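Remarks on the structure that follows.
The values are calculated or read from the model by the stated rules, or taken from the named source; none is laboratory data. Predicted model only: the values in this text are computed from it and were never measured. Heads up, the Cβs are rebuilt from the backbone with ideal geometry, glycines too, and the neighbour counts pull from every protein chain shown.
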Amino acid sequence: MEVGTLREQILVALLIYRFGEDNVSLDIPITEHGIDIELKGYPLSIKTATVKSRRTPAVKVVWTVDWEQVTKFSENYEPRCDMLLVIVRWGAEGGLYSIPLQVQQEVFERLGKEQYLKLPKRGTNPRGVEISSLAVEMLTKHPLTKFLPIRVGNGHPVWI
């Protein structure tokens, strides 16, 4: 979880650099699941994933180790804001994706909650709920999703 927070901080710093400190608000209540910042007054969720293969990763949508919270979250979940997603693929092309709320809602409706979300297996340490790899693939390939490719090789990112 701490690694994800550090990755988010880097992206927030880039947004502040690009849009200015007055346009990026970090004053989001901790109880607002899925909203990390406000950009120009609009809520934004920031997600990151790192993989060593070309497979599409599932992306953590909420962290929790409590089964009651997993159940409650999954019952009430629906996309609420635009998403900024970074997928780092070591030795291959990943990217920075801007996924509008409309795209998330379309994919969510098409797949249904059961296929959109990936719940942990009972009897394990849940660590949270994920957006399934199938849903992530559909989100990233949607025509309204904006994409900036990033290749990471020899330990250094290259913006293509």
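Considering every residue within the range 94-110, establish whether at least one is within 17 Å of residue 11 (Cα to Cα), aliphatic (A, V, I, L, M) and at pLDDT below 90. No, because not a single residue in the range 94-110 is within 17 Å of residue 11 (Cα to Cα), aliphatic (A, V, I, L, M) and at pLDDT below 90.
Taking the numbered list (1) at pLDDT below 90; (2) over 26 Å from residue 94 (Cβ atoms); (3) of a type outside the set (Val, Ile, Thr); (4) surrounded by fewer than 16 Cβ atoms within 10 Å (Cβ to Cβ) in turn, residue 1 passes all entries but (2).
So if I check each of 144, 119, which one is among the aliphatic types (A, V, I, L, M), touching a helix residue (DSSP H, G or I) at 6+ places or on another chain (Cβ under 9 Å) and modelled with pLDDT of 95 or more? None of the other options fit; the residue is 144. Close contacts from the range 102-129, counting a first residue that is at positive phi and a second that is among the aromatic types (Phe, Trp, Tyr) and part of a helix (DSSP H, G or I), with Cβ to Cβ under 9 Å and a gap of 6+ residues or different chains, come to 128/73.
Listed by position, the helices (runs of 4 or more DSSP H) inside the range 52-160 whose residues that are out of contact with any Phe, Trp or Tyr (no Cβ under 6 Å at 6 or more places or on another chain) and of a type in the set (Phe, Trp, Tyr) number at least 2 are 67-76. Determine, yes or no, whether residue 129 is surrounded by 15 or more Cβ atoms within 10 Å (Cβ to Cβ) and either of a type in the set (S, T, N, Q) or out of contact with any helix residue (DSSP H, G or I) (no Cβ under 7 Å at 6 or more places or on another chain) (or both). When the stated conditions are applied, residue 129 does not pass them.
Applying the condition of being more than 18 Å from residue 100 (Cβ to Cβ) and modelled with pLDDT under 90 to the range 18-47 and asking which residue is nearest to the chain's Cα centre (by Cα) yields 33. Listed by first and then second residue, the pairs with beta-carbon distance under 8 Å, at least 6 apart or on different chains, first residue in the range 43-59 and crowded, with 21+ Cβ neighbours inside 10 Å, second in a loop (DSSP other than H, G, I, E, B) and modelled with pLDDT of 90 or more, are 44/81; 45/80; 45/81; 49/57; 49/58.
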